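Everything below concerns the one structure shown next.
The values are calculated or read from the model by the stated rules, or taken from the named source; none is laboratory data. This is a predicted model, so every value here is computed, not measured. Glycine gets a Cβ as well: all are built from the backbone with ideal geometry, and neighbour counts include every protein chain shown. Only protein heavy atoms, including side chains, enter the accessible area calculation; ligands, DNA and RNA are left aside. Shrake-Rupley method; radii C 1.70, N 1.55, O 1.52, S 1.80 Å.
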Protein chains: 2
Amino acid sequence: MVTRMSRLFLRTLREDPADAEVPSHRLLVRAGYVRRAAPGIYSWLPLGLRVLRKIETIVREEMDRMGAQEVSFPALLPKEPYEATGRWVEYGDNLFRLQDRRGTDMLLGPTHEEMFTLLVKDLYSSYKDLPLSIYQIQTKYRDEARPRAGLLRGREFVMKDSYSFDVTDDGLRRSYADHREAYIRIFDRLGLDYVIVQAVSGAMGGSASEEFLATATNGEDTYVRSPGGYAANVEAVTTVAPAPLDDAAIAALPAAHVEDTPDTPTIESLVALANERFPRADRPWTAADTLKNVVVWVRQPDGSREVLVVGIPGDRELDLKRLEAQLAPGEIDAFEDADFAKHPALVRGYIGPEALGEESESGIRFLTDPRVVAGTAWLTGANQPGKHVFDLVCGRDFTADGTVEAAEVRPGDPAPDGSGPLELARGIEMGHIFQLGRKYAEALGLQVLDENGKLVTVTMGSYGVGVSRAVAAIVENSHDEAGIVWPAEVAPYDVHLVATGKDAEIFDAAASLAEELEAAGVEVLYDDRPKVSPGVKFKDAELIGVPTIVVVGRGLAEGVVEVKDRLTGVRENVPLDDVVAQLAAR
Amino acid sequence: MVTRMSRLFLRTLREDPADAEVPSHRLLVRAGYVRRAAPGIYSWLPLGLRVLRKIETIVREEMDRMGAQEVSFPALLPKEPYEATGRWVEYGDNLFRLQDRRGTDMLLGPTHEEMFTLLVKDLYSSYKDLPLSIYQIQTKYRDEARPRAGLLRGREFVMKDSYSFDVTDDGLRRSYADHREAYIRIFDRLGLDYVIVQAVSGAMGGSASEEFLATATNGEDTYVRSPGGYAANVEAVTTVAPAPLDDAAIAALPAAHVEDTPDTPTIESLVALANERFPRADRPWTAADTLKNVVVWVRQPDGSREVLVVGIPGDRELDLKRLEAQLAPGEIDAFEDADFAKHPALVRGYIGPEALGEESESGIRFLTDPRVVAGTAWLTGANQPGKHVFDLVCGRDFTADGTVEAAEVRPGDPAPDGSGPLELARGIEMGHIFQLGRKYAEALGLQVLDENGKLVTVTMGSYGVGVSRAVAAIVENSHDEAGIVWPAEVAPYDVHLVATGKDAEIFDAAASLAEELEAAGVEVLYDDRPKVSPGVKFKDAELIGVPTIVVVGRGLAEGVVEVKDRLTGVRENVPLDDVVAQLAAR
């Protein structure tokens, strides 16, 4: 059926919406694909829904092709399964909770591990039933602290989530590999420019985990890559640490000594003073010689808080996202002035390792950067105002409670696999594949009988694709000043047909052409608006972003129409008699 | 792609689920179409999802054909629009309400009049943009007091809701008629046995309104029909009242007289006493001569309550559903013993019209059955213990505050349009079409410029189809002892192919046949389970209800397969070489 612009429920806007921060948000609202209903919650207009459905279809086809089976779960869910796995609490404020008329606690599903696990437990009981991969394309809810960037981070959104069930670890690896291949096909078909990066599993538990990131300069996620092919989400990067020294080598190091270091509130001022008053013969002091001890609160989902000090080389910033990824589901709160007053062991500006650690008098947990290995010597706080300690040696003068990946990753840092220096880039998380392992199956009692008639716990994988987010990510990947440039397979239409001028003949010819194209399997958006100027029509066509724009206008007298490629801008005149065959062949 | 039972995520049950009250619930769970996730909330297994999608497709095709445009709104909605129309309160406990992390009130949409109205207001401003019909197929939420009957009355369910927008009343009537035709096509294609009945518009406001009911002996809705073609939801039936008498005729009636009527707690005992002690010459007293005054509370959504007395002929019961439909959004609560103690004007068992009415001393609202017209004389309470009044004449001795349709409708009652005696039947509400009028547009300020450049308020229609409910209603309509019997257009598959025995030859032939059928456009569910007995396979096939069952078994040696019609049970042997052509032609 030809869609006529004169009847299409659409209004394009010349101005950017006031709240739009990113191109996809700006363009999808201006071109009439979506409208905001509430913060982070959008309505889909006819054009937007067509794109969403095409993406859903691609995802569905590829999931079916890999042998996954489609099901559909409710969004409104009972609390109990999420309590059994701890996520009712772990999700914290990100979970939409509500009570029904009887006062029963319920939630809006942010992801469905629990429900899938219970359904498989309900239906299956034998190893012969496995492996199994089941999926849904469904509306999900997350009460984001800062819903933003339009569809990129919403509170109600469409996801494909799937779950694999296997008896053995090898089986899980195969299911994971199958999903990985299906995801590659999906993102290829979506026309996205993307990378696959190693990821940390975060609140989901489990082991191996990778993310599919659409490259985007304004993406929320930072990832790294090396010339040798290493790629990881920045939260997942592991630090290349120096080799520790043995006891004999450590014993040969100079002894630690405390010095007056007045007026050194910053690493920079400390380094300057050290070089002026305590110069080293072989090389100057640098920020990398200092150990900066940063105090934070770690808040658990149940509201409990613990003080944590993180020791990192003074030349690097603390990366809170990396730190939080390590401490999940704990979240970081700032340590305030009033908090220092209550913790006299923490001498602000002069905190040193000797006052820290669970075994120390303060009992304060102390984690250090992986570079802080036995035998490394540091210039750091002496736990007295105005004093620092020099040559404080790890493994001799202090021992931390463990290491933590919390220092920023910088361009030029070595890849952990030795594949060269890292470079940093930004992306949008489009897919995530996890080897969950047995965490959920254990919590919910999903066991099957194995070949020997013994009950064994099933091992699971969890796999997500951001379907509504993909609409925006594709626009981030593919737009120009004039508007959206849809890749062919997800475009709302194949051809945007524009009739110009006032001649009934032109409109008649255009209407016939539209029908012929549809009959040939080409989806047509026909701009038949009688009193709209060609200029406005062309602007709308560029904004809406259908891959091929066909103009029926003055050329009709010579039997030609203009065919324009939205991406390249290339125009050519094509004989009216050839145009259907030519476009149907694209 | 051929679906193989050996890999299908399915488990059929031999036993009925304990909580299943109706055949559709029982069979859909047993045959592995759905599973309960929480009260009134279901998960869709692969078979169920296929049926749901086929129904969605039929609905979508017919809505598109009538020129409606598909959009999609969120389920999680802001409170403000629903406050503007009063429905935030009116919905009472039926609305799922929640707060987000900032404490902002939100709701899960039960229906979307407000959001559609606001979207049209956002996009459109001129009469030239109208008429417009837009729809969505979307998940809706209603916190039912008693979720029951499986998918028939759930708390999370899929609906198609559409809304029409017109400038004129004539336009609204055309949009309504277009929807009515589309609905007829939809329900025809769904293979449902249904009736179209007049309905009351209830909490939705507005005027003309019809329901599409699937006929079902255990349906929740009662409707009436007459030989002349009248059909109405029982709530919408209007009573045929006698002609009132004029003042002269009333004056000629016998005067009212109060009599002692001890020990007459029931209408029956009162009538018996009247015939014994106060016999009439011309005819005996009957229950239809008495006026029964029933006291109830009317509770408004804001919690306020008012006492209401309803006077109906004593030979009829009060129909609470009919009464509530008249008083919506008010709901009825029982008037308790303690309430009588606080209202001395209401003499329990002897309540009479003379103590009632907003103008009376009691000020208690009094509504009567439409049969209580001027000049009708009644035997009714005298507002004194043990006394009734005879010959109390409406319009002379008492006047009510108005009439109300609250008496039960009985078989044999006359149709209001004179088309004969009514008969009663039961059904399941599958669709509802409303002329809403300007209520929502006024509340939310939806105006457009008319041809004269004047702002006019838009008039709207609202139209719903229960999509997930249709899955169950079709099963109610179409099943037998052995299982479900799907109509062709909504069946999960076209052919259920069963391979029996142990010969590899049979399984090879069946597998080839399955592939050939799929290639010919026939959707096949292939029961390839190697170690399952033919009996179990046949039972499963009957239970699952695919229209055509093909058995590849011993006949293969003679080159035939058995083709069985699930509905009629007719079997025939068909040469293997002909079966694809024969089934593809169905």
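Of the residues A:201, A:162, only one is modelled with pLDDT of 95 or more and of a type in the set (Gly, Ala, Ser); which?
Sole residue among the options that is modelled with pLDDT of 95 or more and of a type in the set (Gly, Ala, Ser): A:162.
Which condition from (1) more than 8 Å from chain B (Cβ to nearest Cβ); (2) touching a Lys or Arg at 6+ places or on another chain (Cβ under 7 Å) is the one that residue A:45 breaks?
(1)
I'm trying to understand the selection: among the residues of the stretch B:262-272, which are touching a strand residue (DSSP E or B) at 6+ places or on another chain (Cβ under 9 Å) and either assigned to a helix (DSSP H, G or I) or modelled with pLDDT of 95 or more (or both)?
B:267, B:270, B:271, listed by residue number.
Taking the stretch B:539-586, which residues are without any contact (Cβ under 8 Å) to a residue 40 or more places away in the chain, acidic (Asp, Glu) and under 24 Å from residue B:471 (Cβ atoms)?
The one that is without any contact (Cβ under 8 Å) to a residue 40 or more places away in the chain, acidic (Asp, Glu) and under 24 Å from residue B:471 (Cβ atoms): B:565.
Is it the case that residue B:419 is touching a Gly at 6+ places or on another chain (Cβ under 7 Å), surrounded by fewer than 19 Cβ atoms within 10 Å (Cβ to Cβ) and not assigned by TED's automatic domain parsing to the domain that holds residue B:215?
Judged against the criteria, residue B:419 is a match.
Please go through (1) part of a strand (DSSP E or B); (2) more than 24 Å from the chain's Cα centre (by Cα) for residue A:298 and return the number of the only condition it doesn't satisfy.
Unmet for residue A:298, out of (1) part of a strand (DSSP E or B); (2) more than 24 Å from the chain's Cα centre (by Cα): (2).
Of everything in the stretch B:349-368, what is open to solvent by 20 Å² or more (accessible area, probe 1.4 Å) and within 20 Å of residue B:327 (Cβ to Cβ)? Give them in sequence order.
B:358, B:362, B:363, B:365
Would you check if residue A:220 is within 24 Å of residue A:182 (Cα to Cα) and either at pLDDT 95 or above or assigned by TED's automatic domain parsing to the domain that holds residue A:148 (or both)?
Answer is no for this residue.
Condition (residue is facing another protein chain (nearest Cβ under 7 Å), in contact with a helix residue (DSSP H, G or I) (Cβ under 8 Å, 6 or more places away or on another chain) and under 23 Å from residue B:431 (Cα atoms)) applied to the stretch B:51-65: is it met by at least one residue?
The answer is no; no qualifying residue exists.
Determine, yes or no, whether residue B:107 is at the interface with another protein chain (Cβ under 10 Å from one of its Cβ atoms), more than 15 Å from residue B:492 (Cβ to Cβ), in contact with a Phe, Trp or Tyr (Cβ under 8 Å, 6 or more places away or on another chain) and not charged (D, E, K, R).
yes
How many residues, within the stretch B:22-35, are at the interface with chain A (Cβ under 10 Å from one of its Cβ atoms) and in contact (Cβ under 8 Å) with a residue 40 or more places away in the chain?
Total satisfying the criteria: 2.
Would you mind finding the one in B:412, B:418 that is in contact (Cβ under 8 Å) with a residue 60 or more places away in the chain and of a type in the set (Gly, Ala, Ser)?
From the options B:412, B:418, the qualifying one is B:418.
Only one of these is acidic (Asp, Glu) and modelled with pLDDT of 95 or more: B:282, B:289, B:302. Name it.
Within the list B:282, B:289, B:302, the selection yields B:289.
Could you tell me whether residue A:7 is open to solvent by 60 Å² or more (accessible area, probe 1.4 Å), in contact with a strand residue (DSSP E or B) (Cβ under 9 Å, 6 or more places away or on another chain), free of Cβ contacts under 8 Å to residues at least 40 places away in the same chain and within 13 Å of chain B (Cβ to nearest Cβ)?
When the stated conditions are applied, residue A:7 passes them.
Do you know which residues across the stretch A:98-130 are closer than 14 Å to residue A:77 by Cα, free of Cβ contacts under 8 Å to residues at least 24 places away in the same chain and among the charged types (D, E, K, R)?
A:100
For residue A:337, which of the numbered conditions (1) open to solvent by 30 Å² or more (accessible area, probe 1.4 Å); (2) more than 17 Å from residue A:265 (Cα to Cα) fails to hold?
(2)
Within the stretch B:473-496, count every residue that is assigned to a helix (DSSP H, G or I) and open to solvent by less than 30 Å² (accessible area, probe 1.4 Å).
Matching residues across the stretch B:473-496 total 5.
Take residues that are open to solvent by less than 10 Å² (accessible area, probe 1.4 Å) and not assigned by TED's automatic domain parsing to the domain that holds residue B:544 and tell me which of the helices (runs of 4 or more DSSP H) falling wholly in the stretch B:45-107 contain 3 or more.
In the stretch B:45-107, the matching helices (runs of 4 or more DSSP H) lie at B:46-65.
Going by the structure shown, is residue A:161 open to solvent by 40 Å² or more (accessible area, probe 1.4 Å) and either in the same structural domain as residue A:64 (by TED's automatic domain parsing) or not in a loop (DSSP other than H, G, I, E, B) (or both)?
Taking the combined requirement at face value, the residue does not satisfy it.
Give the residues of the stretch A:152-184 that are more than 12 Å from chain B (Cβ to nearest Cβ) and more than 18 Å from residue A:462 (Cα to Cα), sorted by residue number.
Scanning the stretch A:152-184 gives A:152, A:153.
Test residue A:305 against the criterion of being among the basic types (Lys, Arg), touching an Asp or Glu at 6+ places or on another chain (Cβ under 8 Å) and surrounded by fewer than 17 Cβ atoms within 10 Å (Cβ to Cβ), and give yes or no.
yes
Yes or no: residue A:586 touching an Asp or Glu at 6+ places or on another chain (Cβ under 8 Å), among the charged types (D, E, K, R) and modelled with pLDDT under 95?
The answer is yes for residue A:586.
Kindly provide the set of residues from the stretch A:116-141 that are at the interface with chain B (Cβ under 10 Å from one of its Cβ atoms), open to solvent by 10 Å² or more (accessible area, probe 1.4 Å) and of a type in the set (Ser, Thr, Tyr), ordered by number.
A:124, A:125, A:133, A:139
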